[in-house]
Amino acid sequence: MDEEKLGEQLRLARSEGGAFLLPQRLLIRFKGADAFRYLHGQVTRDLTRLMPGEALAACILTPKGKLCAPLLIWREGEDFLLESAPQVEEALLARLERYIVADDVSITLERPRQVVHCFGKAALKNSLSDQDGLRINRLGVPGVDHQVGEGDSLSQMSLLDPAVVEALRIESCLPAWGSELNGELLPPEAGLDRTHIDYDRGCYPGQEVISRIKSVGKVNRKLHLLVSAPGGVLHPGQAVMSADGTESGVLTSVSNQFDTGSVLALCFLKRGVEEPLFTFDPLTGLKRDLTISRNSGT
C-alpha cells in the first residue's frame with residue numbers, strides 16, 4: 001500500500017477507529033481450584049477487579065522488580081487466560097511453574113485463535129460487531145476482540161494495514177516486547193505503572209521494589225516519543241545525542257507518520273535530559289533534529 005493510502009488510513013483510524021487482525025501471540029490457560037488464588041499472588045494487578053467479559057493488563061515480575069512479561073488476563077468460565085508476547089514463552093512458563101508447590105493449578109498452552117480487534121466508532125460498523133467480544137485495550141483506547149469464525153471472511157473487512165497499527169502504537173507511546181520491553185526493564189521506566197500495576201493491593205514477587213520506586217517518585221530513564229521533521233530517516237538502534245554531544249538514549253521503535261511525513265520514534269531518555277536533541281548518521285553525515293512529543297507518563 002502506498003503512503004498516501006496509509007496516511008488516509010491513519011487519519012481515519014485516529015478519528016473513527018478501525019479494526020486489525022492480531023499478530024502471533026502467546027496464550028496460556030490456568031485452571032484448577034487454586035487458579036485464582038495462585039495467579040492473584042503472582043501478578044501486579046488486583047484480580048478481584050477483573051470484570052466478566054473484559055481483560056486486565058498486568059505484569060509478572062522477578063523478585064528484583066524486573067519485568068518477566070507483560071500480560072493481558074481474562075476469565076473464560078472458571079479458567080483464566082493469559083496473553084503475552086511469543087518471545088517470552090520459555091521464561092514465563094518457567095517463572096509461573098517455579099512458584100507452584102502444592103497448589104491445585106494446571107498450566108497449558110493454548111492454540112491462539114484468529115482474532116480481530118476493533119476500536120473506536122468503527123467497532124460498531126464492523127461485521128463482527130453483533131457478536132459478543134472481549135473488552136480490551138490494545139492501542140491506548142477501549143476496544144473489543146472478536147474471534148473470527150469459519151464463516152467470516154477477512155477479505156470483506158476493512159482491516160488496517162499493520163504499518164498503520166504500528167504507527168498508532170508508537171504515537172501513543174505504547175511499549176512492545178522486543179522493542180522497548182525486556183527482562184532488564186523496571187515497569188515504571190516504560191510507563192507500565194499507570195496501566196499494569198495496582199499499588200493498593202497485597203504482596204507479589206517484586207512488589208517491594210515497585211513500591212520503593214513509587215515512594216522515591218522517579219526512575220533513571222523514561223520512555224519518550226520523539227518526532228523528526230518531514231523527510232527525516234531514523235532507525236532503531238540510533239543514538240540520541242544532547243546538545244553537548246553526550247548520548248542520552250537509543251531509538252527503539254521507528255515509524256513514518258504517513259499523513260504528515262514526519263518520523264516518529266520511541267526512546268528511553270535519561271532523567272533530566274531536555275531538548276535540543278538530535279541523531280547523527282556517520283555514514284551519510286546527516287544530522288536530524290528531534291523534538292519530544294510526549295512521554296509514557298502522560
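Structure notes:
- Partner aspartates and glutamates whose Cα lies under 15 Å from the Cα of residue 287, excluding those fewer than 8 positions away in the same chain, are identified as 244, 247, 275.
- Between the residues 292, 159, 13, the greatest Cα displacement towards the positive end of the dipole of the chain, with unit charges on the Cβ of Lys, Arg, Asp and Glu, is found for 292.
- Applying a threshold of 28 Å to the alpha-carbon distances of 31/66; 66/121; 121/214; 214/270; 64/270; 31/214 flags 66/121; 121/214; 31/214 as lying beyond it.
- Think of the chain as a dipole: +1 on every Lys or Arg Cβ, -1 on every Asp or Glu Cβ, centred on the Cα centre; then among 77, 27, 197, 197 lies furthest on the positive end.
- Cα-centred dipole magnitude for the stretch 7-91, charges only on beta-carbon of K, R (+1) and D, E (-1), debye, nearest 20: 300 debye
- Selected from 144, 216, 105 as most flexible by GNM, with the chain as the system and alpha-carbon contacts under 10 Å: 216
- Overall form of the stretch 220-298 per C-alpha gyration tensor (a/c, 1.5; a/b vs b/c): oblate
- In this structure, the amide hydrogen of residue 69, modeled 1.01 Å from its nitrogen in the peptide plane, lies closer than 5 angstrom to those of 60, counting only residues at least 5 positions away or on a different chain.
- Other-chain or far-sequence residues with amide H under 5 Å of residue 45's (modelled H): 59, 198
- Ranking of 270, 222, 64 by count of other Cβ atoms within 10 Å, fewest first: 64, 270, 222
- Here is the list for the stretch 67-117: GluC sites (Glu not before Pro) lying in DSSP coil, each with at most 12 other C-beta atoms within 10 angstrom of its C-beta, are 78.
- Only Lys, Arg (+1) and Asp, Glu (-1) charged, at Cβ; the chain dipole about Cα centre in debye: 800 debye
- Trypsin sites (Lys or Arg not before Pro) restricted to the stretch 1-51 and DSSP loop, no more than 16 other C-beta within 10 Å: 25
- Amide H contacts of residue 253: 266, each under 5 Å away and 5 or more positions distant or on a separate chain (H built 1.01 Å from N in the peptide plane; Pro and chain starts excluded).
- For GluC sites (Glu not before Pro), the sites in the stretch 167-228 that DSSP calls loop and that have at most 11 other Cβ atoms within 10 Å are 184.
- Mean Cα-pair separation over length for the stretch 220-298, i.e. relative contact order, pairs under 8 Å, 6 or more apart, %: 40 percent
- Rg then Dmax, both in Å and based on the Cα atoms of the chain: 20.4, 63.
- In a simple Cβ point-charge model (Lys, Arg +1; Asp, Glu -1; nothing else charged), the stretch 220-298 has a dipole of about 260 debye relative to its Cα centre.
All of the numbers you see were taken from the coordinates with simple rules; none came from a lab. The structure displayed is predicted, hence computed values, not measured ones. All Cβ positions, glycine included, derive from the backbone under ideal geometry; neighbour counts span all protein chains shown.
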